[in-house]
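The values are calculated or read from the model by the stated rules, or taken from the named source; none is laboratory data. Owing to the predicted nature of the structure, the values given are computational and were not obtained by experimental measurement. Neighbour counts are summed over all protein chains in view; Cβ atoms, including those assigned to glycine, are modelled from backbone coordinates with ideal geometry. Accessible surface is based on the protein model in full, side chains and every heavy atom, while ligands, DNA and RNA are left aside. Shrake-Rupley method; radii C 1.70, N 1.55, O 1.52, S 1.80 Å.
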Amino acid sequence: MIDPADWKPARLDEGPPLLIVIIDTEEEFPWNEPFSRDNVSTRSIAAQARAQRIFEKYGIRPTYVIDYPVASQESGFGPLREYFDAGACQIGAHLHPWVNPPFDEPVNNANSYPGNLPRALEKAKLEILTDTIGENFGRRPTVYKAGRYGIGPDTAGILCELGYRIDASVVPETNFRDEDGPDFRRHRAGPHWIGETGLLEIPLTAGFTGRLAGLGWNGWSWVNTPLGRALRITAASSRLGILDRIVLTPEGITTGEHKRLTNRMLGLGHRVFSFTYHSPSLEPGCTPYVTNETELAQFLDRLDRYFDYFVNELGGRPSTPEEVLRAAR
């Protein structure tokens, strides 16, 4: 991964805040069990219609970043191709190494992050994924989001070689090193050019709110510890408005939290907001975030309420990664 000190902020013209939606579109698998190459069902893709109706209500064209099981099976790419052909969505790539050929590595936690793989293997997997998407959608993807946010030292170069123009793998103010993943604590929240590659990074919108939000990760590392969580100090800090870390997702995050994060980041001068979720969350029982019909209704309500707030209260405008790229140029 290129040193974030070498990343250059992307300058956009003045205008309303922009909202992009990037969906991790993937197979169903048990989140509390080890990774397995046997989990390749994509039945939940048909359930995306539930959210697509909300997107269309607000003029949002989401980007479905799809992995190999979705890209290679009719049950996966079929429903999405209908939206794509109608101009209602865009398609990008999402690499889950354990279910993406070639299968030349052992299946384990470290290898679930694509950027941990040897360069040749990371490229070979992404090349097969890219070709498969091109074959089944008639267009090769130019937007990439690594599975598990797992970019590595070779990822940017590989993306450039395969014709990608945008990466969306970074989660600012986040450290996955304890899980064998990347460390994003030094990464900025706004769009940035990755070194001299010509590749634009559009990070997921994540940040801190509360009276001590200015402390950022340094303050959060004192609050969000195993002991802090066990004693519910982390929850109390959030509830009392002292310090909270929020990601722009409906998975475990409320509309009130979405608004707090958005308002703080607007105050800091941010204009591009990236909203995300995992596609299996729209089929109850496939992720921990939606286990029944009641939670599904709450999930969809969070989408509707936040989009209404962003578009109708803030005067924001729906956008796409490619539109942000053009504006940055």
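Quick notes on this one:
- Screening the stretch 188-286 for strands (runs of 3 or more DSSP E) wholly inside it with 3 or more residues that are in contact (Cβ under 8 Å) with a residue 12 or more places away in the chain, closer than 30 Å to residue 63 by Cα and aromatic (Phe, Trp, Tyr) returns the ranges 272-278.
- In the stretch 68-103, residue least open to solvent (accessible area, probe 1.4 Å) [restricted to those that are under 14 Å from residue 131 (Cβ atoms) and in a loop (DSSP other than H, G, I, E, B)]: 100
- Qualifying positions in the stretch 125-156 - of a type outside the set (S, T, N, Q), open to solvent by less than 30 Å² (accessible area, probe 1.4 Å) and farther than 20 Å from residue 274 by Cβ: 125, 126, 129, 133, 134, 137, 152
Residues are listed down the side, and each one gets a yes or a no for (1) crowded, with 23+ Cβ neighbours inside 10 Å; (2) touching a helix residue (DSSP H, G or I) at 6+ places or on another chain (Cβ under 9 Å); (3) modelled with pLDDT under 95; (4) more than 22 Å from residue 168 (Cα to Cα):
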site	(1), (2), (3), (4)
252	no, no, no, no
258	yes, yes, no, no
262	yes, yes, no, no
266	no, no, no, no
276	yes, no, no, no
280	yes, yes, no, no
285	no, no, no, yes
290	yes, yes, no, yes
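- A count restricted to the stretch 157-179 and to residues that are open to solvent by 10 Å² or more (accessible area, probe 1.4 Å) and in a strand (DSSP E or B) stands at 1.
- Lone qualifier among 65, 40 - being in contact with a His (Cβ under 6 Å, 6 or more places away or on another chain) and either assigned to a loop (DSSP other than H, G, I, E, B) or surrounded by 22 or more Cβ atoms within 10 Å (Cβ to Cβ) (or both): 65
- In the stretch 292-317, the residues that are open to solvent by less than 30 Å² (accessible area, probe 1.4 Å) and over 15 Å from residue 251 (Cβ atoms): 307, 309, 310, 316
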